Amino acid sequence: ITDACSACFEQRTVFTQQVLAKALNQMVDQTPLPLLFMRTVIQAIDAFPSLVDFVMEILSKLVTKQVWRMPKLWVGFLKCVYQTQPRSFHVLLQLPPQQLESALNRHANLRGPLASYANQPSVKSSLTRSTLAVLGLANETHVQQHLSTSLHPSDTSSSGKKYDYLHIGVVAWPSFSKRCHNADSAKMQLSL
């Protein structure tokens, strides 16, 4: 079967990018998935690198089908996400935390680049706390969220003076604004 698949990939005038995309799209909806499905996906990317965005859609479908429950396909899935990084980072972040941890244990050199990608504010805000914990970003997020919700732009004291406050529990420090010019520097200079 693998030889037959390889022969098909060599005939690019018959098995074009469009034909492969249509075939992959039909196969991903089959139950059960064909045993050599991930091998075919990887061969398709090797033959037609421009299929990578389409393949990311296929990988996302596999996450919803819980590909980790199919051991042979899971190995191929991990090989594919590794091969297509960083394009596949958004797919990896769709995995449940336990499966993400498993993926990162198998491909440890993905952890750093994936954590950097996930640390972007637009990405980080959409991730669960447990996913951030797998990436080693949970504590940092907790502190930043606590500080950003604790900082109030200004307040006026009973004497009429305007103060910036940092509320932690029931304690407030009116002099905080003298030490920090804005909320971002407050996060960096919190040395109370």
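The values are calculated or read from the model by the stated rules, or taken from the named source; none is laboratory data. What you see is a predicted model; the values in this text were computed from it and never measured. Every residue, glycine as well, gets a Cβ built from its backbone with ideal geometry; the counts of neighbours run over all protein chains shown. Only protein heavy atoms, including side chains, enter the accessible area calculation; ligands, DNA and RNA are left aside. Shrake-Rupley method; radii C 1.70, N 1.55, O 1.52, S 1.80 Å.
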- Hey, HIS152 touching a strand residue (DSSP E or B) at 6+ places or on another chain (Cβ under 9 Å) and at pLDDT below 50 or not: yes
- Hey, does region 47-60 have a residue that's touching a helix residue (DSSP H, G or I) at 6+ places or on another chain (Cβ under 6 Å), modelled with pLDDT under 90 and not basic (Lys, Arg)? yes
- Taking region 103-133 as the region of interest, how many residues are buried (at least 17 other Cβ atoms within 10 Å of the Cβ) and outside any helix (DSSP H, G or I)? 1
- So how many residues does region 34-48 have that are buried (at least 22 other Cβ atoms within 10 Å of the Cβ) and out of contact with any Gly (no Cβ under 9 Å at 6 or more places or on another chain)? 1
- Item | Residue satisfying all of: in region 55-102; among the aliphatic types (A, V, I, L, M) and assigned to a loop (DSSP other than H, G, I, E, B); least open to solvent (accessible area, probe 1.4 Å) among these | LEU95
